[in-house]
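Following: one structure in structure tokens, then a few remarks.
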Amino acid sequence: MTPRRERTGRQVGFNMTPMIDVVFLLIIFFMIVSQVVTSEAELVQLPRPTKSQAGEFRGPRKLTISMVGDGQGGVARRKVGPSVARDEEELASMLVETHRVARERGERLHVVLRADRNIEFRHVRGVIGMISDVGLEFVDIAAEAESTRD
Amino acid sequence: MVTDGKAKMAGEQTHGPAGKARDESTVATPRKRRRPAAGARLTLNLVPMIDIVFLLLIFFLVGTRFITAEGVLPGRLPHQDAQQMLPVPVPPIQIDLASTNGDAPEITIAGRTATPANFEQLATMLAQIQREPGYDDQTPVVLQADEELAWDHVVNAYNAAVRAKYKNIIFGAE
């Protein structure tokens, strides 16, 4: 008699297991999603202008060029869209190719330049020069938006 | 009840290896005594666990906000076939940014004696210039920065020009 009563006693109570399952699922979901969001956009220490005017990107199609700094004013890594460019020459050829493909489709590319705030100006100007040489006209400069700052 | 307990004590003392099984029954004795309430109390207490789980959930939800919001400053490069542009009646506003080894750069506006001390002042000065006769928001603003100046400062100057509602901001060549 006693063991049976014990068993029934344990079964009384609200069954939390499905709820905990769902909560854990949500946790894992948000953890993974937050990681995906960061990895898609190369982690760049963007410039922080005073009273930033940086707004939302408005354009038909964007091509993101990321320049990750090496901490000493140089460039550690360059990326055109999702692919890595080994040096400036490769970046230039990738730009030419992307522009050609876009023009064949009749699209106007807007470049979003995401460069590390510590990179020396000459490196960035070099890339801007390349963008201009290719014939791309719209270059938006990525900067930190005002809302995240104190 | 008392005799029951005594018997268990004796059992424990005599059978050494079987003590574990006996222990369980000793623990169960108090439950027997308060039988009416015991049924409800036997369930695993999930409240602290749920508290922690919710705390974690909220932590990660808030944590995702740590990704810095970024925006873009719109820009346009001078086009190759832009030569047939109307001649500019007034010279463009040239902003010189001189590197001072890591610190905020020295800002000068070409042809003007007043020098802005920071980018906040640069924006107000640029806005003032725009109100002068001959200048408008289409007046080109040329950013002439030192080679080794950090990109941060160049963007800061660019941002100041955007703030002053200039539409035509370009980066100067060497």
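Look at the stretch A:109-120: the mean tally of other chain Cβ atoms within 10 Å of its residues' Cβ atoms is 4.
Counts of other chain beta carbons within 10 angstrom of each beta carbon in peptide B:157-170 average 3.
Note on B:THR113 and A:LYS51: with the Förster distance fixed at 35 Å, the Cβ-Cβ geometry gives a FRET efficiency of about 0.90. Legend: ranking of residues A:SER52, A:SER132 from fewest to most surrounding C-beta atoms inside 10 Å; resulting order A:SER132, A:SER52. For the residues of A:70-83, the average number of beta carbons from a partner chain within 10 Å of their own beta carbon is 0. Remark: the stretch B:120-127, residue by residue, has Karplus-estimated 3J(HN,Hα) of 4, 5, 4, 5, 5, 5, 5, 5 Hz, where x stands for each Gly or Pro and the curve is 6.51 cos²θ - 1.76 cosθ + 1.60 at θ = phi - 60°.
Between B:GLU147 and B:ALA127, residue separation times 0.36 nm minus the direct Cα-Cα distance comes to 4.5 nm. Each of B:VAL47, A:VAL68, A:VAL127 has some number of other Cβ atoms within 10 Å of its Cβ, and from fewest to most they run B:VAL47, A:VAL68, A:VAL127. The trypsin sites (Lys or Arg not before Pro) of the stretch A:17-87 that meet both conditions, a loop assignment by DSSP and at most 11 other Cβ atoms within 10 Å of the site Cβ, are A:ARG58, A:ARG86.
Calculated FRET efficiency, A:ILE28 to B:GLN94, Cβ-Cβ distance, R0 = 35 Å: about 0.05 to the nearest 0.05.
The numbers here are math on the coordinates, done by the rules we state, and not lab data. Just so it is clear, the structure is predicted and the values come from calculations on it, not from any experiment. Cβ coordinates were reconstructed from backbone atoms using ideal geometry, including for glycine residues, and neighbour counts include every protein chain displayed.
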